[in-house]
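S.K.: Below is one structure. I have some questions about it.
Computed from the coordinates by the stated procedures, all read-outs in this text should not be read as laboratory data. Keep in mind that this is a model prediction, so the values were computed, not measured. Every residue, glycine among them, receives a Cβ derived from its backbone with ideal geometry; neighbour counts consider all protein chains shown.
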Amino acid sequence: MDLELADKVAVVTGASKGIGLAVVQELAGEGALVVAGARNVVALEGIDNVTPFAVDLIDADGPARLIGAAVEQYGRIDVLVNNVGGVQLRLDGFLSTTDAEFQASLELNFFSALRATRAAVGRMMEQGSGTIVNVASVNAFFHPDGAVIDYGAAKAALLNVAQALSQELGPHGIRIASVSPGQVATDLWLGDDGVAATIGAATGAGAERSSMRRAISSAGARRCCGDRDVPVMHNRARLLRALLQQLGATCGGRNVQGELGAKPVHGRDDRVDVGVVLA
């Protein structure tokens, strides 16, 4: 699809694998100039139109350094995709989940995005335009789960802040949107230490027999960032299309509406609920 993103400057956090890497590849394919932030940037090297930037986004100044690198290189920032995140299952229940574990989840899943947004908004306000897309989660609102209670709380906070900021930033030409996927066939879910393996070990079923693994594998899922020449399931394309439509709606100056309910209107947060997504 041509979303008129050519030569737009995009920053993607958590860009080295999973959803983040897929978004980087698609944006670069659309002609955007991508600054891709992650702790390990090996997977990002050699991709046309992509500048890898090694950074730990949990560090308080990490997000600002990433945004600063993009502005220093290109003089502006048109797009921010807040993708970085992670989850640890809390299978021993609420009373065993400590304040420190809640804080760690908030730092990764909420404050990293908050700080990146703050750094980007300053430049976007000077430009009079910009788009921010948050990768949230169905656990934030549709299906809260005690096993990811801290993760869901952090993502809910991110959605709330996006909705509040949209009212303030809309008049300045800055749009905020949030895309909320469910399960995605990435290492977060299917890796050796991923959700399926953790649940399988806890239940004694093993990773291959865990309900999460069966749910993903039964749909013929592929990994989110496999060989781009290999056909992928429709739902992976649906997730990426949801993200890209949110970006192209403002950056390309087009009013993108369709099956995902994207309504690019300044002054509001458009939450796109993708549901269960399989690569």
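S.K.: Which residues' amide hydrogens lie under 5 Å from the amide hydrogen of VAL84, considering only partners 5 or more residues apart or on another chain, with H built in the peptide plane?
M.R.: Answer set, sorted by chain and number: THR13, GLY14.
S.K.: Give me the one-decimal nm value for the distance between modelled label points at SER96 and ARG39, 7 Å along each residue's Cα-to-Cβ direction.
M.R.: 2.4 nm
S.K.: Would you mind classifying region 34-91 by shape? Square roots of the alpha carbon gyration tensor eigenvalues, ordered a ≥ b ≥ c; an a/c under 1.5 is rounded, otherwise it is prolate if a/b is larger than b/c and oblate if not.
M.R.: prolate
S.K.: Along the Cα→Cβ direction, 7 angstrom out, place labels at GLU4 and ASP48. What is the inter-label distance in nm?
M.R.: 2.3 nm
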